[in-house]
1. Under 15 Å from I25 (Cβ atoms), without any contact (Cβ under 8 Å) to a residue 60 or more places away in the chain and among the hydrophobic types (A, V, I, L, M, F, W, C): does that describe F208?
2. Can you list residue pairs whose Cβ atoms sit under 8 Å apart, with the first residue in region 74-99 being free of Cβ contacts under 8 Å to residues at least 60 places away in the same chain and the second being outside any helix (DSSP H, G or I) and of a type in the set (D, E, K, R)? Count only pairs 6 or more apart in sequence or on different chains.
3. Scan region 156-188 for residues that are within 15 Å of the chain's Cα centre (by Cα) and either aromatic (F, W, Y) or surrounded by fewer than 24 Cβ atoms within 10 Å (Cβ to Cβ) (or both) and report the count.
4. Within region 197-224, can you find the residues that are open to solvent by 50 Å² or more (accessible area, probe 1.4 Å), at pLDDT below 75 and within 17 Å of G48 (Cβ to Cβ)?
5. Sort out for me the helices (runs of 4 or more DSSP H) sitting completely within region 85-196 that have 3 or more residues that are within 30 Å of G48 (Cα to Cα) and of a type outside the set (K, R).
6. Please find, among S108, S69, the residue that is loosely packed, with under 14 Cβ neighbours inside 10 Å, of a type in the set (G, A, S) and at pLDDT 90 or above.
7. Quick one: would you say D38 is crowded, with 19+ Cβ neighbours inside 10 Å and in contact with a helix residue (DSSP H, G or I) (Cβ under 9 Å, 6 or more places away or on another chain)?
8. Only one of L101, L133 is of a type in the set (A, V, I, L, M, F, W, C), at pLDDT 90 or above and out of contact with any Gly (no Cβ under 9 Å at 6 or more places or on another chain). Can you tell me which?
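The values are calculated or read from the model by the stated rules, or taken from the named source; none is laboratory data. From a predicted model like this one, the values you see are computed outputs, not experimental measurements. Cβ coordinates were reconstructed from backbone atoms using ideal geometry, including for glycine residues, and neighbour counts include every protein chain displayed. For the accessible areas, the whole protein counts, side chains as well, though only heavy atoms, and no ligand, DNA or RNA atoms are used. Shrake-Rupley method; radii C 1.70, N 1.55, O 1.52, S 1.80 Å.
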Amino acid sequence: MERKQNSVISFHIKDIVYGASDGIITTFAIVAGVAGADLGSNAIIILGLANLAADGFSMAASNYLGSRSERQLMDNEHRVEQREIAEIPDEEQKEVRGIFLHYGYGASDAETLSELVKKNKRFWLDFMMRYELGFNPDQGDGRSSAFFTFAAFVCAGFLPLIPFIFFSSASIFIVSAAATALALFGVGALRYLVTGKHWFTSGLEMLFVGGIAASIAYALGLAISRIV
């Protein structure tokens, strides 16, 4: 059971990291920009929550539509490949041999393997989709990816706003910045689950990217407030 849960997380790690990192960065960019302009906590909360709702939904919808379009393309290619296997099996078998040769098998082994693939039409079709066309037949329709993107965006993006909602002090921006830094580092470290890259290095990488975005937003807010 635990292995199945981990596989679900691994399958959607891109959606989770993408949604969470963008949620943190864009929300804190708003926090930094408004703080730089010295517009007050109420403006930060209102703009931050509006960003969570609008940008989170936009990201999830874009993810869903992109995945859906890719799935429709894959379904069309699946029908074409299925028809070709039925109508011109010899040509398709040549392509199978070519794929095995490309991966380093000798001519004799490639011929033997292509005959084995030919015996199972379902596997043959799956093989061609994966190795000739580069599709993943197990890919979903995008709804789960959209959900994980939106959930990660909202949950992670809410963190920079928590200090402004529940606390009030002169150093509240520093508290928000510290919470954001920890969240960015945590999201970056999460990539270790599937990339194998050291969690500390992954965390620092994400923290560095987010820090640049926040610094730019703060500087722009400060500059604009002085101009206006």
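1. yes
2. Note: pairs meeting the criteria are E81/E132; E95/E132; I99/E132.
3. Number satisfying all stated conditions: 0.
4. Y218
5. Numbers: elements: 89-102, 107-118, 121-131, 143-158, 162-166, 172-190, 192-195.
Helices (runs of 4 or more DSSP H) meeting the threshold: 143-158, 162-166, 172-190.
6. Going through S108, S69 in turn, the sole match is S108.
7. When the stated conditions are applied, D38 does not pass them.
8. Numbers: L133 fails: at pLDDT 90 or above.
Criteria check complete, one pass: L101.
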